[in-house]
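Note sheet for the following structure.
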Amino acid sequence: MKDKATDAAFLARIDRLKYRIAFGNMVFLLFGTILLLGLVGVFADLRPGTWLKYFDLDREYTVPTLFSGGLLLAAAWESFRAASSRRLDAWAFALAALFFEMGFDELLMIHERIEQAVGVDWQILYLPVMAFAGIGWLFLFAQLPDRWQKRLWAAGAGAWAASQLLEAAEWGWGAESEIPLAGYLYLVPVEELLEMSGSSFFLLALLHLNGSCSVSRN
């Protein structure tokens, strides 16, 4: 019996080690991709009109846009899984729907179209949605059982908040300016990379919670 208990403990440690390696690989993959997209985006600004335009961080329907939208859709799926498995309460369903909308918004330029149709800065129009997201974020933060999950969840909110402040600054803080402010070309890459980083932090927190990095945590 003692040998069996020792073997079980050893196998459990091996399983935890495998999970940590898998999770670390996911972190490296996500942020390595973000860094790569940022570097290629800089070259795209230096060589406009070439094939690098598909990596321009200030254009729509590009590789960075697809990656950013994909991160949000993946976060939506993991949030749905967390709610379905009752690791988190019904607020996770609401956040899943929000991540889903954000993902398709990123891919299809929904908020830009709404802004053009209404003539009001989209960030002002989306304030109720942002408030709802903040409430959901707080409820889920309180439910996360692991300190690293909480740190990742907080980092996601911080990165997204910073990105939206930068976007507001770029266009005159909601003043409906048709001309971007000075420094726009320098702020946009930072804003876009912060959005990707924020989505990655949310996704990683949910992956950690769900034990979804290829190796079971059980």
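The values are calculated or read from the model by the stated rules, or taken from the named source; none is laboratory data. Bear in mind that the values here come from a model prediction, so they are computed numbers and not experimental data. For neighbour counting, all protein chains shown are included, and Cβ atoms are generated from backbone atoms with ideal geometry for every residue, glycine included.
Within segment 119-153, which residues are in a helix (DSSP H, G or I), among the small types (Gly, Ala, Ser) and touching a residue at least 24 places away in the same chain (Cβ under 8 Å)? Show your work before the answer.
Start the filter on segment 119-153 by keeping residues that are in a helix (DSSP H, G or I), which leaves 122-125, 127-143, 147-153.
Imposing the further condition that a residue be among the small types (Gly, Ala, Ser) reduces the set to 131, 133-134, 136, 142.
Passing the criteria: 133, 136.
In the set 39, 88, 73, which member is out of contact with any Ser or Thr (no Cβ under 6 Å at 6 or more places or on another chain), outside any helix (DSSP H, G or I) and not charged (D, E, K, R)? It would help to see each step written out before you state the result.
On the way: 39 fails: outside any helix (DSSP H, G or I); 73 fails: outside any helix (DSSP H, G or I).
The conditions single out 88.
Which condition number does residue 164 fail, the rest of (1) surrounded by 15 or more Cβ atoms within 10 Å (Cβ to Cβ); (2) more than 16 Å from the chain's Cα centre (by Cα); (3) modelled with pLDDT under 95 being met?
Just one mismatch for residue 164, condition (2).
Which residues, taken from segment 64-94, are hydroxyl-bearing (Ser, Thr, Tyr) and either surrounded by fewer than 18 Cβ atoms within 10 Å (Cβ to Cβ) or farther than 30 Å from residue 41 by Cβ (or both)? Before you say what the answer is, go through the steps one by one.
Taking segment 64-94 as the starting set, the residues that turn out to be hydroxyl-bearing (Ser, Thr, Tyr) are 65, 68, 79, 84-85.
Scanning segment 64-94 gives 84, 85.
Within the group 96, 142, which residue is out of contact with any helix residue (DSSP H, G or I) (no Cβ under 8 Å at 6 or more places or on another chain) and at pLDDT 95 or above? Explain how you work it out, then say what you get.
On the way: 96 fails: out of contact with any helix residue (DSSP H, G or I) (no Cβ under 8 Å at 6 or more places or on another chain).
After ruling out the rest, the residue left standing is 142.
Considering only residues of segment 69-113 that are over 17 Å from the mean Cα position of the chain (by Cα) and in contact (Cβ under 8 Å) with a residue 60 or more places away in the chain, which is nearest to residue 125 (Cα to Cα)?
88
Yes or no, residue by residue, for (1) farther than 21 Å from residue 166 by Cβ; (2) at pLDDT 90 or above; (3) of a type outside the set (Asp, Glu); (4) not in a helix (DSSP H, G or I):
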residue: 15; (1), (2), (3), (4): yes, no, no, no
residue: 21; (1), (2), (3), (4): yes, no, yes, no
residue: 60; (1), (2), (3), (4): no, no, no, yes
residue: 77; (1), (2), (3), (4): yes, yes, yes, no
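Could you tell me whether residue 116 is exposed (fewer than 14 other Cβ atoms within 10 Å of the Cβ), of a type in the set (S, T, N, Q) and either within 20 Å of residue 190 (Cβ to Cβ) or out of contact with any Phe, Trp or Tyr (no Cβ under 6 Å at 6 or more places or on another chain) (or both)?
It is true that residue 116 is exposed (fewer than 14 other Cβ atoms within 10 Å of the Cβ), of a type in the set (S, T, N, Q) and either within 20 Å of residue 190 (Cβ to Cβ) or out of contact with any Phe, Trp or Tyr (no Cβ under 6 Å at 6 or more places or on another chain) (or both).
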